[in-house]
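The values are calculated or read from the model by the stated rules, or taken from the named source; none is laboratory data. As the structure is a computational prediction, the values presented were derived from the model and not from experiment. No Cβ is skipped: glycine too gets one built from the backbone with ideal geometry, and neighbour counts run over all protein chains shown. Keep in mind that these areas ignore ligands, DNA and RNA; they rest on the heavy atoms of the full protein, side chains included. Shrake-Rupley method; radii C 1.70, N 1.55, O 1.52, S 1.80 Å.
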Amino acid sequence: MNAVQYIKSLRWLRTSFRHTFKDKDGKLHDDARKVLAELRRFCFADRATIRRSVTGIVDPYASIAAAARQEVYMRIVSLIELDDADLAFFEKRAQAQDLEETYNA
């Protein structure tokens, strides 16, 4: 998948996530707010992901799992909030990169 195709897939994903979480006016609907609040809590969205064992020692496996949860939450929120100007900018850069690669090949 080249950069332009990736941007197109991002646009499709953003639309799908928005349909899932937002109403027709572009606002989060009640269920979406509840789901995102639960995900925010469960995915350590606004907390450190360092986890400690009962003895107080940093547990690397639990910390990695917490960081992975956080990454999923951030991905969902970033796709919901991704705006048209950002996508247009990314698409323009991707097209320029594709042209440069074609020209230099």
In segment 49-105, anything open to solvent by less than 100 Å² (accessible area, probe 1.4 Å) and touching a residue at least 60 places away in the same chain (Cβ under 8 Å) is listed as Leu79, Ile80, Leu82, Leu87, Phe90, Glu91, Ala94, Gln95, Gln97, Asp98
Exception for Val54 within (1) more than 14 Å from the chain's Cα centre (by Cα); (2) under 30 Å from Glu101 (Cβ atoms); (3) among the hydrophobic types (A, V, I, L, M, F, W, C) falls at (2)
